[in-house]
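Each reported figure results from applying straightforward, stated rules to the coordinates on display, with no laboratory input. This structure is a prediction, so every number in the text was calculated from the model and none was measured.
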Amino acid sequence: MRSTDKIEMKLDQMPKHVAFIMDGNGRWAKKRSLPRLSGHNAGTETLKNIVKISQKFGVSYVSFYAFSTENWKRPNDEVSGLMKLLVKYIRSEINEIHSNNIKINVLGDIKSLPEYARKEVTYALEKTQHNTGMNFNIALNYGGRDEIIQAVKRISTAVSEGSLKVEDIDSDLFSAYLYTKGMPDPDLMIRTSGEQRLSNFLLWQLAYAEFIFESCYWPDFTEEIYKNAIISYQQRNRRFGSL
């Protein structure tokens, strides 16, 4: 990314929805000879900050890739540690999140989460469901391909039952069957750690998003880096297929 040191962020041109792939926690820990869970703990602190900063910037929706359907393949102790960290985060932050009028949404199928984690997530959803401020989306047990497949299945069922006609199916209708129903698609997707791929995240919703890949690991992602990413986004010409 080219330097944005002398360019100001335009508050009237902020992305409405920013999606984050929080990558690099494990490598951040390894670099410091720490356990991987230490990296995830550090990453949670960054998550806390970025939620607050996003609200300060005036972003209306933020989506964070917290746990993918593929992450179950990781060692059991790491998966267990991530679930406990999720519970710890909710318990420590939910009151402040609620007091700031932030609404928590989950993207993904939480039925497969351990009962203690599922209970905590459900509590957070219910506590903040009527809030009208920024939407804070947490992708848990989420996979983009699975989301699309589940949408196709539900649409197929509606067609077979006669409540939906094939000719009614278009992009808007399809979007209404996704976890992000009623939300605008992300304008900007930021991934940390230098990796340049989507990793099965919001495959439908990111069709026209601007991508920014940061070299820093997620625990090192700061307000300044975030601000520079938004400035870079604001300098781009989003044509959506037109001239």
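Quick notes
- Solvent-free Debye scattering, log10 I(q)/I(0), computed from the Cα coordinates of the range 1-80 at q = 0.13 Å⁻¹: -0.57
- Out-of-range pairs (alpha-carbon distance over 18 Å; input 119/153; 119/181; 52/119; 16/56; 88/127): 119/153; 119/181; 52/119
- Estimated purely from DSSP H runs of n ≥ 4, each contributing -39500 (n - 2.57), the mean residue ellipticity at 222 nm for the chain is -13500 deg cm²/dmol once divided by its residues.
- Cα convex hull of the range 62-156 - mean projected area over all directions, nm²: 6.6
- Diffusion coefficient of the chain by Stokes-Einstein, Kirkwood radius over Cα pairs, 25 °C, 0.890 mPa s: 129 µm²/s.
- Karplus-derived 3J(HN,Hα) values for the range 65-71, using 6.51 cos²θ - 1.76 cosθ + 1.60 with θ = phi - 60°, are 7, 8, 7, 8, 5, 7, 5 Hz; glycine and proline are entered as x.
- Measuring between their Cα centroids, the range 38-86 and the range 130-209 lie 20 Å from each other.
- Reference-scaled alpha-carbon Rg (2.2 N^0.38 Å with N residues) for the range 133-220: 1.30
- The slack between residue 156 and residue 126, meaning 0.36 nm per residue of separation minus the straight C-alpha distance, is 7.8 nm.
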